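Enquirer: Before I ask anything, here is the structure I am working with.
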Amino acid sequence: MLTGIHVAFIGGDARQLEVIKCCIQLDATVTLIGFDNLESNFTGATKKPLTCDVLKDADALILPIVGTDDNGFVESIFCSKQLQLKQEHVACLKKHCVVYTGMAKPYLRNLLSAEQIELVELLERDDVAIYNSIPTVEGALMLAIQNTDITIHGSQSIVLGFGRTGLSMARVLHALGARVRVGARRQEHLARIYEMGMTPFHISDIRNQVTNADFVFNTIPSLVLTAEVIAQMPQTAFILDLASKPGGTDFRYAEKRGIKALLAPGLPGIVAPKTAGQILAKTLSRLIAEQTISRGNQHG
Ligand code: NAP
């Protein structure tokens, strides 16, 4: 339970509603900043403006998935006013207050470190990234089906990268009956791909591997699908780049060659905002409870 803990939210999208719901259920004191247009009124939460007076009592401050932009602006689909998190706001947080976000830009990191406020980036955590791979893969399948005229079953599918998203992507394609090849660079990954019944290849061999590809799913956040690699692909291939912006594809060259290539960021929030919100809620509520216990131990 989060009884006696004050959780303040600044902005967000549909995912944040699941987190708010969870905090209220766990009996936290919940303050909502930047939710002026939110229609479903959460009983047990209070809407407030972004002021020091409101922030000074918070034990946890929860920002949206992309915490702030490069100038401190926080996005909220529930508010038409601009929300800018400034040094003066952070300065009035209690020293034990922890700020949670999906991923932080340097602006937010610098702001918080100047005031020695702890920052937790949820998307960097293995557990969140693995849970998030579930809606990501479902969204990727949806886009693959929508953008091609062949089945995934029986297709020549290539997955690049064998991390938290790549492994889930490869497993699901394999289960659907695709002929799956996975490009990775670590020997233990190549061994695991083989053990799972798929075909591994070293990423340095990518040019030879793509010559008969129907689908290429990239999860490597570096330029791996270069013009030289794309030049080897059949024109009917479909590239779905799941890696964070700018992705790992030379999109300019793909377009020039007439190969369909899409960058598809933020799929969990698009295809399954409720599940994506529940993933965040589960982890956040546990982290806030742990934060409170460890603070209690320090004081006791
Ligand atoms: P991850 O667990 O860190 O996996 C990344 C993979 O890329 C690892 O296998 C890593 O290999 C490999 N890699 C990195 N740099 C490489 C390079 N230069 N050459 C060859 N391989 C390289 O990350 P993740 O959680 O799977 O996420 C992957 C990407 O997808 C990230 O950019 C993430 O932001 C994005 N993402 C997007 C969505 C979406 O909705 N589109 C959802 C979730 C995540 P090593 O293990 O050898 O380093």
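Enquirer: Quick check: is even one residue across the range 264-281 outside any helix (DSSP H, G or I), closer than 20 Å to residue 216 by Cα and modelled with pLDDT of 95 or more?
Expert: Within the range 264-281 (the criterion being outside any helix (DSSP H, G or I), closer than 20 Å to residue 216 by Cα and modelled with pLDDT of 95 or more), the answer is yes, since at least one residue qualifies.
Enquirer: Can you tell which of 173, 123 is under 25 Å from residue 268 (Cα atoms) and over 14 Å from the mean Cα position of the chain (by Cα)?
Expert: Being under 25 Å from residue 268 (Cα atoms) and over 14 Å from the mean Cα position of the chain (by Cα) holds for just one of 173, 123, which is 173.
Enquirer: Answer yes or no as to whether residue 120 is within 16 Å of the ligand (Cβ to nearest atom) and open to solvent by less than 30 Å² (accessible area, probe 1.4 Å).
Expert: no
Enquirer: Let me ask something additional. Across the range 150-184, which residue is farthest from the ligand (Cβ to nearest atom) among those that are hydrophobic (A, V, I, L, M, F, W, C) and open to solvent by 40 Å² or more (accessible area, probe 1.4 Å)?
Expert: Only one residue tops the list, namely 150.
Enquirer: Then there is this: Among the residues of the range 124-149 satisfying the criterion of being assigned to a loop (DSSP other than H, G, I, E, B), open to solvent by less than 80 Å² (accessible area, probe 1.4 Å) and over 21 Å from residue 66 (Cβ atoms), which is farthest from the ligand (Cβ to nearest atom)?
Expert: Result: 148.
Enquirer: Across the range 250-263, which residue is nearest to the chain's Cα centre (by Cα) among those that are under 19 Å from residue 155 (Cα atoms) and either in a strand (DSSP E or B) or near the ligand (Cβ under 9 Å from one of its atoms) (or both)?
Expert: Going through the qualifying residues, I end up with 262.
The values are calculated or read from the model by the stated rules, or taken from the named source; none is laboratory data. Small disclaimer: the values here were computed from a predicted structure and weren't measured. All Cβ positions, glycine included, derive from the backbone under ideal geometry; neighbour counts span all protein chains shown. Ligands, DNA and RNA are excluded from the accessible area calculation, which covers all protein heavy atoms including side chains. Shrake-Rupley method; radii C 1.70, N 1.55, O 1.52, S 1.80 Å.
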